[in-house]
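The values are calculated or read from the model by the stated rules, or taken from the named source; none is laboratory data. Everything numeric here is computed off the predicted structure, so don't read it as measured data. Please note: Cβ atoms are built from the backbone with ideal geometry, for glycine as well, and neighbour counts cover all protein chains shown.
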Amino acid sequence: MRLLVVTNMYPGRRKPNFGVFVADRVDAYRSLGADVEVVANTDPRKGIRVVVKYASLLLRAVWAAAKFRPDVVEGHYLWPTGIVTAAAAAVARAPYVLYAHGGGGGGDDSGGPQVVAFDHVGPELGGRP
């Protein structure tokens, strides 16, 4: 399975624990034999830089989707990464799954991830019309 993971939190030099839970998922997928490509934001800074971070994430995710051709695109966080994930999935013509970490995605305040699955693949690829 070819999996493209798009996330706005991933460990980097500045913050090695930033989004470590996503890195753990990627490691687990790879240990099961999946071919995983990660497009991530490793910069936790906020402010005006956020616009640049997400524009870069969008461009890199769409490029990776076109080049890597994943079977599934996985996105971490609904906003704004969900929009980036949907764009990458459209380019790859693949379904995508979004995770809403820490509650707020469906009224569950347990703090665990919530899965929101969307199938935007047309009937010609086995999706719903």
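Take segment 1-19 and flag every residue that is buried (at least 18 other Cβ atoms within 10 Å of the Cβ), touching an Asp or Glu at 6+ places or on another chain (Cβ under 9 Å) and assigned to a loop (DSSP other than H, G, I, E, B).
Scanning segment 1-19 gives a single hit, PHE18.
Taking ARG49 and the conditions (1) surrounded by 15 or more Cβ atoms within 10 Å (Cβ to Cβ); (2) at pLDDT below 90, which numbered condition does it fall short on, given that it satisfies the others?
ARG49 satisfies every listed condition except (1).
Could you give every pair whose Cβ atoms fall below 6 Å, whose first residue belongs to segment 1-19 and is touching a residue at least 12 places away in the same chain (Cβ under 8 Å) and among the charged types (D, E, K, R), and whose second residue is crowded, with 21+ Cβ neighbours inside 10 Å and part of a loop (DSSP other than H, G, I, E, B), counting only separations of at least 6 or pairs across chains?
These pairs meet every condition: ARG2/PRO70.
Could you tell me whether any residue of segment 56-74 is under 11 Å from the mean Cα position of the chain (by Cα) and assigned to a loop (DSSP other than H, G, I, E, B)? First the steps, then the outcome.
Of all residues in segment 56-74, those under 11 Å from the mean Cα position of the chain (by Cα) come to 57-58, 61, 72-74.
Now narrow it down to the ones that are assigned to a loop (DSSP other than H, G, I, E, B): none.
No, that holds for no residue.
So which residues in segment 14-28 are β-branched (Val, Ile, Thr) and closer than 15 Å to VAL39 by Cβ, if there are any at all? Show your work before the answer.
Taking segment 14-28 first, the residues β-branched (Val, Ile, Thr) are 20, 22, 26.
Those that are β-branched (Val, Ile, Thr) and closer than 15 Å to VAL39 by Cβ: VAL22, VAL26.
Can you find, within segment 1-41, the residue that is modelled with the highest pLDDT among those that are over 21 Å from ALA55 (Cα atoms) and among the polar types (S, T, N, Q)?
SER31
Among the residues of segment 20-55, which ones are part of a helix (DSSP H, G or I) and in contact (Cβ under 8 Å) with a residue 12 or more places away in the chain?
Across segment 20-55, the qualifying residues are PHE21, VAL22, ALA23, ARG25, VAL26, TYR29, LYS53, TYR54.
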